[in-house]
Every structure is written in structure tokens, then in C-alpha cells.
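Before any comments, here is the structure.
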Amino acid sequence: MIRRYIEQEVRELLEQFPAVGILGPRQVGKTTLAFQIAESISPEPIYLDLESPTDQAKLREPELYFADHNDRVIILDEIQRVPELFAPLRSIIDKRKRNGQKTGQFIILGSASLELLKQSSESLAGRIAYKTLSGLSPKELENENDNKLWLRGGFPDSYLAADDQRSFVWRQNFITTYLERDIPQFGIRISASVLRQFWTMLAHAQGGILNLSTLARGLGNSVPTINRYLDLLDDLFLIRKLQPWSSNVGKRLVKSPKVYIRDSGLTHALLRITDMEELFSNPVLGGSWEGFILEMLVSNLPSWASPYFYRTAAGAEVDLVIDAGNDKRIAIEIKRSMTPTLSKGFVNGCDDIKATHRFFVYPGDERFRISKDVEAVPLKIMLKELYLILGL
């Protein structure tokens, strides 16, 4: 069953904390995961969808409702819709703790990070642990072809569609629903057509260095407005801003972040790429592959390992730097080439950051050495190497 390893992680968190928050974009599988976990909990957990007026009405007096169901785990879905619940949650968790119930009381699901984390950090500090749920990854799809995941992306309904065309239609509808219904429900007033145009501009420039002025000119908007759009898509787990690695290396470093659309399937839907043939002939091919590999790696990192990129004005560049502490740095070059060749920029970048591990992720099936200290590896092997290096 897919997501089994994530299910186990959440179960372990429930054994340690009163509340566990599962965060991620809509349709990524948060509710399905919560129901899988609920199957083995007795008595059966209570599920409340906070987008439902009926379920919201049950919580008009939340402390009374929680007290009446003191012996049940409660699943609160789309909690960012009712942020005022965080204060009574703290009260009921503390009351249950005094009565000897210390763990596994609430499973909180949320599709937006900014307000959710702001509220919970103030109200539930020390009482909640978080798991961010991304799309499907190769470690959940052991025997599947990575190209299918790359083309369709990791949203389960898109990946599992009967064929590429149906997957594409699902993603088109997902984008439209997000723009026209979901984002307005967050109380955010942005034109759906303008935001679609902006999102599409990011897809065309997948993995590019963020240039706010260029984006602002392209949309005819101000830089602060563009920043607001970026923050919105970031808070909704739809884009990733990869920050530059910096240290006292005595180099002129690029200081702006790189921006990626987190799900490759959405990148392709925004650009109206429906199948692999169209993808291979599209100029976004290299950027799409880089974004796909980067997201597969970064989304599977533990919270204490930090991802960056490295680039200098002189041309030294590392696509992905993973800083794992204790002077352990993993440098990864990502290129869609069956004949991986090291660039001078990557070699110099590795030397600059004093990389302790160096890899080249390519689309082949074999692992081999391309220099004394750099190996070419497929994605699945790179994921396994990361776990070994990080001690997971």
C-alpha cells in the first residue's frame, strides 16, 4: 500500500505528542492517510471536516465538544479554515494531560502553512509535531518507471489515472479549482487569471534564479505584489524557494533564491504538455527534470538537513547542496544526460563548499564512478545513499 512508510512515521509521532499536524497541498492524500491510521485506533476516531458547515457547527463550543468525546482521537481536517480552534485545543490537551492522557489525542490536517504554523506555534508549542506530506515518491513506487512519476507528478489521483490524457485533465481541473475556488476560500483576493499567468511564468522558468523585477514587468505589477504572489504559492506548498548556500568563502555569491514548482505534473499541465513525446521536445525539458529530481530528494530530507544551491559570479555552481551539520555537505549535480560529464563549475563549487560527498544524478539505471570522488547515480539509488549518509 502506498504511503505505508509515512503512515508509520505519523503513528510514531502520535505515540510521542498529544497532537500531530499533517500539512500539504490539497489532494495530496492527507485525509486518506488519516483514515488509514484511524483503522487501527480504538475506539474509532472522530473525523470533522472544517469546510463543512455541519461539522463547524459542532465546534461552536469546542471545549464542550472535546470534553464530551474525551476518550476519542479527533481528526480535524482543513483546520486553517477555523484558526480560532488552536486556543481551546491547547486547553483541552493540557486538561487531558493532567488526567494522564499525554499522547495521541488529535490529528490535524492543513493545506496552508503560514497561518496554520503561526497559530499553532503560539498556542501548541511543545504539544504538536508536524509531518509535511508531499506527492508520491520513488521509494513508494519501487517497481515503477520514474518517467511516469515525472510526467504526471506525485498527486495520487494524477499518478494513478488510467492514462496520460486523463491524468492531464485531472491536473488541469486541479489548477482551475485551486485558482477559482480554493484560494478565495483562504480569504485571499487575487485575480485567478493573473495568478494563473504568474504560475505559468514560473513553470517556463522552472529552476531559474528569482528576478522579482523581471516578473513584475511581465505581469505589469509591482515588486511587492509579485512577492505576495510568491509567498502565497509557497504557503500553499505549490512552489519551493531554494535558498543559496553562503559562508565566508571569499567569493561573489548569487544571493537570490531559485524557484521551482514543487510538482512536476503541475509544471507540465501549466505548459499544456500531455505526454512524454511533447515533454522531450519542449525547451523546459532540462529545468523540469532538475525540478523533479530536486523535489524528490528535498521532500524526503529530515528536518535537520537543510537544502541549498550554490552559485558564484565566476561560474562555480552546485544544483543541490545538503548541509547535514557536523561539516557534512552533500553536493549533487542534476542533469538529464545519459553520458554524465562533470563541469568545471561543479568541481569548483564542490571545492568551495568543501563537499564531503559528491554525486551526479542522471536518468540511467546503473551506478558508476565518473571521477575519483564523484559517482553517477539514478534517482532511486541517490535516495538510498542519502538515507545512508544521513543515518536514517
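Coordinate-derived values only; no laboratory data. Everything quoted here is computed from the prediction, not taken from an experiment. Note that each Cβ is placed from the backbone with ideal geometry, even for glycine, and that neighbours are counted across all protein chains shown.
Of all DSSP-defined beta bridges confined to the chain, some 40% are antiparallel rather than parallel.
Here the Gaussian network model covers the chain, with springs between Cα atoms less than 10 Å apart; of 355, 112, 203, 355 fluctuates the most.
Using the Cα centre of the stretch 18-105 as the reference point, and only Cβ charges (+1 on K/R, -1 on D/E), how large is the resulting charge dipole? Debye, rounded to the nearest 20.
The dipole of the stretch 18-105 has a size of about 380 debye.
Counting only Cβ charges, +1 for Lys and Arg and -1 for Asp and Glu, the dipole size of the chain around its Cα centre is about 1080 debye. When the charge dipole of the chain is built from unit charges on Cβ atoms (+1 for Lys and Arg, -1 for Asp and Glu) and taken about the Cα centre, the candidate among 101, 207, 224 whose Cα reaches farthest toward its positive end is 224. Over the chain, DSSP H runs of length four or greater, each weighted -39,500 (n - 2.57), average out per residue to a 222 nm ellipticity of -12000 deg cm²/dmol.
Quick one: net charge around residue 41, please, counting Lys, Arg +1 and Asp, Glu -1 for every other residue with C-beta under 13 Å from its C-beta. Surrounding charge for residue 41 is -3.
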